[in-house]
Amino acid sequence: MSLLKQSIFLSLLLLSSSFAQHPADLIIPKPQSIQNLQGEFSLNTQTAYCSDSLLANNALNYLQSHLKQSSRYTLQKGSCGGDNTIRFEYAQGKFPKQEAYRLHIESRSVTITAGDEAGFFYGIISMMQLMDAAIWQTTSLPNAPRSWLLPACLIEDYPRFEWRGMMLDSARNFFEVSYIKKFIDRMAQYKLNRFHWHLSDDEGWRIEITHYPLLTQIGAKRGDGTKLPYSAFPTMKGARRGVESGYYTQQEIREIVAYAKARSIEILPEIDLPAHSKAAVTAYPDLLLDPLDTSEFRSVQQISDNTINPALQSSYIFIDQVISELARLFPFGYIHIGGDEIPKGAWQKSPAVAKLIQKEGLKSLNDVKGYFFERVDEILAKHHRTMIAWEEASQAEAKLRKETRFMAWKSPKSGEKLVQKSRQVIMTPVQYLYFDQQYITDKKEPGHTWSSPVSTQKVYSFGSVANSPYLKGVQASLWSERLFSEKIADYMVWPRALALSEIAWSDKKRLDWEDFKIRAYTYGIERLKVQKINFRKSNRSD
Ligand code: TNX
């Protein structure tokens with residue numbers, strides 16, 4: 001080789017190696033600190049595991065089930081001192097934050113250190129992202145790898161936000177249990193930890209309440225549908241298409257709660273009150289509506305008479321009973337009671353409400369809303385639960401406990417205003433985090449168009465939101481008026497959820513769109529493909 005050729009060859013080599021990324025630099029969400037080391041660990045049929053804490057069981061089981069699926073073997077229990085071992089070490093009080101972990105990969109062993117269940121779980125998630133994408137496959141392939149190479153590194157990691165959520169609306173269109181599990185599992189793969197489950201709305205009541213069987217016998221069935229601006233209308237006559245009708249039995253709910261818990265995910269159930277309740281009031285008009293109420297109104301979605309009456313004792317007995325069943329099913333300390341979009345004109349001509357105003361010395365219908373939320377808050381307190389509500393509940397002048405959390409959806413500004421008032425906030429602004437909106441404006445794109453398009457880059461840009469002790473986290477919301485299949489739901493979520501994961505987990509100063517793009521559109525996409533997720537193939541910026 002001539003000298004010139006040699007030097008060109010050498011500089012090319014240098015150039016390419018400086019571009020070649022260490023696999024640890026490809027993890028999503030980006031860890032807080034990564035040190036790349038020399039060498040690699042080989043995980044194979046001889047590899048053992050050892051653990052000094054039951055808190056590591058979820059993490060271990062998750063790894064084992066994926067190994068079994070992909071390679072048809074699991075790790076045997078071994079001694080903690082041995083070589084070729086994956087060690088789980090409990091370290092109490094060593095980490096500054098909850099959910100933190102330390103992942104140390106050396107050529108002879110892997111050590112995952114954590115102070116809680118979630119920490120161990122996230123250590124394993126990061127480790128699995130360092131393996132060939134085949135580890136994520138959901139069906140066994142004949143030629144799957146038997147041994148896996150893990151590059152040596154030391155990762156120290158913890159989340160930016162305590163609340164890293166995704167909301168799925170099972171009311172407008174119903175999703176089968178199998179899809180709910182997939183949804184939850186995919187959240188867990190990206191260290192998202194709160195599944196907000198929208199279980200009732202005008203179009204359907206989706207959870208079995210044993211005390212009120214008509215809620216599902218009537219309220220879980222969809223009708224013919226008419227062409228209104230946003231949704232198919234719930235005429236409650238019977239199913240038009242399978243996906244639109246259905247509900248979750250209490251047994252299924254318990255199963256899903258356990259499935260989520262094994263993946264460090266808490267489920268926040270939402271029953272939307274007092275508006276968005278056409279399904280409930282259709283099932284139990286005698287309990288929830290004032291028969292003398294002649295108010296005429298329509299909701300934003302053009303639905304009439306969809307609002308529970310706040311002056312009837314029977315409304316509160318109903319809510320108490322529903323909350324008591326929810327509290328038995330969902331161990332999470334919070335329940336979401338809706339509170340959004342009470343239609344203008346509701347209750348205006350209700351004699352029962354007029355009486356209530358007089359009796360309680362209320363001044364306006366806004367005060368009536370406040371009265372309603374206060375009573376619901378009392379019910380929640382009785383069942384040892386804390387309220388989460390859409391931001392409108394904060395405008396109702398209700399005296400709600402200080403630990404109440406508000407979901408700000410109208411704009412980042414409306415969330416910031418609440419933060420300034422020292423109220424606890426979860427941000428899910430429509431302009432950045434509504435996954436029901438189109439990615440880009442295009443007739444061929446599925447999704448809503450009523451706000452502005454939400455590209456993956458737009459999602460990522462919300463990472464610049466200011467930190468505050470009152471800002472508890474961020475959440476993407478997937479309303480389902482237009483989700484007519486699981487495939488469309490997948491499309492709306494991926495790859496946007498990769499961006500959500502990173503802005504929810506990684507510190508602000510670690511965020512870099514250009515760098516994220518490379519990770520997302522290489523290994524990130526590879527993992528989605530392996531799982532046959534119907535993600536949106538884009539030109540990398542939308
Ligand atoms: C507004 S966001 C709603 C939902 C709709 C959504 C559609 C919120 C609290 N209410 O009822 O499904 O817009 O994007």
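The values are calculated or read from the model by the stated rules, or taken from the named source; none is laboratory data. None of the values given here were measured: they were computed from a predicted structure. Every residue, glycine among them, receives a Cβ derived from its backbone with ideal geometry; neighbour counts consider all protein chains shown.
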Search result, residues across segment 243-294 that are closer than 19 Å to Leu380 by Cβ and under 16 Å from the mean Cα position of the chain (by Cα): Val257, Glu266, Ile267, Leu268, Pro269, Glu270
Selection status of Ile342, without any contact (Cβ under 8 Å) to a residue 40 or more places away in the chain, assigned by TED's automatic domain parsing to the domain that holds Glu252 and surrounded by 14 or more Cβ atoms within 10 Å (Cβ to Cβ): no
Glu378 assigned by TED's automatic domain parsing to the domain that holds Ser314, touching a strand residue (DSSP E or B) at 6+ places or on another chain (Cβ under 8 Å) and farther than 28 Å from Ser452 by Cβ: no
Any hit, segment 147-159, residues being without any contact (Cβ under 8 Å) to a residue 60 or more places away in the chain and over 23 Å from the mean Cα position of the chain (by Cα): no
Candidate set: segment 481-497, residues that are closer than 29 Å to Glu416 by Cβ and either assigned to a helix (DSSP H, G or I) or within 16 Å of the ligand (Cβ to nearest atom) (or both); chosen: the one modelled with the lowest pLDDT: Glu481
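Of the residues in segment 402-444, how many are within 15 Å of the ligand (Cβ to nearest atom) and either not hydroxyl-bearing (Ser, Thr, Tyr) or not assigned by TED's automatic domain parsing to the domain that holds Arg519 (or both)? So that I can check it myself, show each step before the final result.
First, the residues of segment 402-444 that are within 15 Å of the ligand (Cβ to nearest atom): 405-412, 414-415, 418, 425-439.
Narrowing further to those that are either not hydroxyl-bearing (Ser, Thr, Tyr) or not assigned by TED's automatic domain parsing to the domain that holds Arg519 (or both): 405-410, 412, 415, 418, 425-427, 429-431, 433, 435-438.
Qualifying residue count for the region: 20.
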Residue in segment 404-416 that is at pLDDT 95 or above, among the acidic types (Asp, Glu) and crowded, with 20+ Cβ neighbours inside 10 Å present: no
Residue list for segment 156-202, restricted to those being assigned to a strand (DSSP E or B), within 16 Å of the ligand (Cβ to nearest atom) and charged (D, E, K, R): Asp169, Asp201
When residues of segment 451-480 are limited to those that are within 11 Å of the ligand (Cβ to nearest atom) and not in a loop (DSSP other than H, G, I, E, B), the one farthest from Asp169 (Cα to Cα): Ser477
